[in-house]
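> First, the structure itself, so that you have it in front of you.
The numbers here are math on the coordinates, done by the rules we state, and not lab data. Since the model is a prediction, treat every value here as computed from it, not as a measurement. When we count neighbours, we look across all protein chains shown, and the Cβ atoms used for this are built from the backbone with ideal geometry, even at glycine.
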Amino acid sequence: MTIILRVDPTNPDEEALSRAAEVIRGGGLVAFPTETVYGLGANVFDRRALMRVYEVKQRPVDNPLIIHVDSLEMLGEVARDIPEEAFKLASRFWPGPLTLILLKSERVPYEATGGLETVAVRMPAHPVALKLISRAGVPIAAPSANLSGRPSPTRGEHVVRDLYSKVDVIIDAGETLYGVESTIVNILVKPPVLLRPGAYPVEEVERVLGVRIHVPEFARGLSEAESAMAPGTRYRHYAPNTPLILVEAGSYEGEALKRLSMEVARLIGEFKGRRVCVLSSRETSSAYTGLGVEVFVLGSRDNLFEVARSLFNALRWVDDAGCEVAIAEGYPERGLGLTIMNRLRKAASRRIFI
Ligand code: AMP
Ligand code: MG
């Protein structure tokens, strides 16, 4: 049985939170909103609850979870020998969508870390998430609340669709703010390494650290990580069931952008007779009118926050709208553009470079 609790995102009902916190303490699973995407939460110190998270999501057991804390004090329960850089980043970015890789404390079971000696930790900014952790009184391990391989859930209804009847509680607080997962940085190595681009642009993290962060190919969504360094990157992610073609270009300005939309229009012609859907930017969408396709406008190229925010919703829409083929445009790999391209490349079944 799954209990769905609908709460106000900024002023959540106290009784609902207490109920959910009680479920966490009792070893149950609670799906809850964060400012990035919805998470599927379990008490990090409860091995059985952690194993159930993997089972419910059908997640490979070597793909570790992010641990959510409500304070630096609680950070001390899950990590040890915390470097100065972590506090520097925490004071600037927490609560918020930055996840840090740190050495795990003895108390954290290997079930939460995929067998690694390190933990991924962050302090979420969503009032529901923060209050839930505080009331539970324990750090909450929470991967995204989707079935493994599906687009991450940005709305309560996405979680209901994927996990209803499989978890104990779903807290529905509407749409999340960023709509993409946290940025993950490993600061235990020099130079620091970006393991996953996310809701905070990596350039902002670099500015605070005062050093360059290495961006490996897998963080750009170009290759699979071969080592345990970034475990989650080995698996295909975020993919709709519908084949998705991603059209990339060397530049997305002026004439180059026009060429990109012409290439998309040419592809549409290739699939004549099939139901084609296009994930477009506001600037290019008019190029596809009258071509008999469904167009989903992600947002403006001048506001990539908007594009990133609607991306997972669009990937779910592709399946729901009955598209037989989907075509997405690329974005420059700067700021949130890197995050968007990582997700699109992982979702794509085919990439075309013009
Ligand atoms: P999710 O919350 O579903 O987005 O997945 C969490 C991601 O965090 C995983 O896929 C890993 O890539 C990453 N992660 C968690 N723990 C570690 C760790 N100890 N070292 C490196 N990456 C980690
Ligand atoms: Mg996930």
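> So for the stretch 25-181: antiparallel DSSP bridges make up what percent, rounded to the nearest 5? Provide the component values of the computation, followed by the final result.
Working: 15 of 20 bridges.
Of those bridges, close to 75 percent are antiparallel.
> Over the chain, how many pairs of lysines fall under 24 Å by alpha carbon, counting only those 8 or more apart in sequence or from different chains?
Lysine pairs meeting the criterion: 10.
> Would you work out which of P216, P191, P201 lies farthest towards the positive end of the dipole of the stretch 117-217? Charges go on Cβ: Lys and Arg +1, Asp and Glu -1.
Towards the positive end, the residue furthest out is P191.
> Can you work out D for the chain in µm² s⁻¹ from Stokes-Einstein, where Rh is the Kirkwood radius over C-alpha pairs, the temperature is 4 °C and the viscosity is 1.567 mPa s? It would help to have the intermediate numbers written out before the result.
Numbers: Rh = 20.6 Å.
My calculation gives 63 µm²/s for D.
> Pick out, from A112, L260, A90, the residue whose Cα sits farthest towards the positive end of the charge dipole of the chain, with +1 on the Cβ of Lys and Arg and -1 on the Cβ of Asp and Glu.
So the residue we want is L260.
> Can you give the calculated 222 nm mean residue ellipticity of the chain, where each DSSP H run of n ≥ 4 adds -39,500 (n - 2.57) and the sum is split over every residue, rounded to the nearest 500 deg cm²/dmol?
-9500 deg cm²/dmol
> If you don't mind, there's one more thing I want to ask. With the cut-off at 22 Å, report for the stretch 1-149 the share of all Cα pairs above it, as a whole percent.
Percentage above 22 Å: 34.
> I'd like the GluC sites (Glu not before Pro) in the stretch 79-108 restricted to DSSP loop residues with at most 13 other Cβ atoms within 10 Å, sorted by number.
E106
> When DSSP assigns beta bridges and you keep just the ones with both residues in the chain, what percent turn out antiparallel, to the nearest 5?
Details: 18 of 49 bridges.
Looking only at bridges with both residues in the chain, the antiparallel portion is about 35 percent.
> With no solvent and one point on each alpha carbon, what is the Debye value of log10 I(q)/I(0) for the stretch 303-354 at q = 0.15, 0.24, 0.29 Å⁻¹?
Here the Debye-derived log intensity ratios amount to -0.42, -1.00, -1.27.
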